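A.B. asks: Have a look at the structure that comes next, please.
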Amino acid sequence: MNRSEREQHFLDEIARRDKELARLRAENELLRERVDLLIRKIYGPSSEKIDPGQLGLRLDAEAAKKSDAGGGDEAAPAAEEKAAPRRKQRERCRPGLPKDIEVEEVIVDPEEVRADPEAYDYLGREVSERLEYDPERYRLRRTIRRTWVKRGEADRKPMTAPLEPCLLEGSLLSPSLPAHLLTDKFCDHLPFYRQEQILERHHDIRIGRNTMCH
């Protein structure tokens with residue numbers, strides 16, 4: 001075998017091994033998915049169990065979205081939710097919080113007011129709340145947006161600082177809370193119904209599994 005033949009043989013062998021490595025990786029990924037689905041089927045609550053026929057399928061993003069959308073626990077009848085006003089739905093789904101929960105207040109004023117506070121009169125405030133999570137403790141972050149009007153310009157529209165972006169309008173959801181819930185569910189295999197029990201038992205915080213699923 002001459003040099004060129006040896007080089008070609010070497011390249012062919014590399015290509016063969018790369019192909020075999022790709023096949024093994026794909027097979028390993030599929031096996032991981034099957035194990036994860038099997039764990040959810042065995043140990044998850046009834047609302048999180050899956051069709052056994054899905055164990056042989058590869059999950060794509062669209063299928064996962066459909067599965068999550070249909071996996072809510074204790075969901076109210078669709079007709080009843082459609083009929084209820086949006087405000088009543090928010091009040092019904094609002095988590096229960098202990099009276100002695102730590103509250104961190106942050107006062108936010110418009111930039112114009114901070115630059116020259118003596119030129120404005122204080123009119124009132126708007127309050128929004130987000131439930132935040134630090135390891136082993138929960139804290140309620142209360143943002144107070146005060147409303148101002150410039151002195152001598154009573155006809156001018158009052159000014160309130162804009163509310164910082166949030167994940168879900170009108171909810172207590174802060175980025176740290178769903179990050180914690182989803183990590184416990186998908187990395188530590190802790191179903192939502194168990195997280196619901198842990199929150200209420202250890203922290204006196206009541207967030208329904210239906211709210212977590214949504």
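Values in this text are rule-based calculations from the coordinates and carry no lab data. Note that the structure is a prediction, hence the values are computed from the model and not measured. Note that we place each Cβ from the backbone using ideal geometry, even for glycine, and neighbour counts take in every protein chain shown.
A.B. asks: Can you list, largest first and rounded to whole Å, the semi-axes you get for the range 78-213 by taking the square root of 5 times each eigenvalue of its Cα gyration tensor? Working shown, then result.
C.D. replies: On the way: eigenvalues 259, 69, 30 Å².
They are 36, 19, 12 Å, listed largest first.
A.B. asks: How would you order 3-12, 190-199 from highest to lowest mean count of nearby Cβ atoms within 10 Å?
C.D. replies: Taking the mean over residues of other Cβ atoms within 10 Å, the ranking is 190-199, 3-12.
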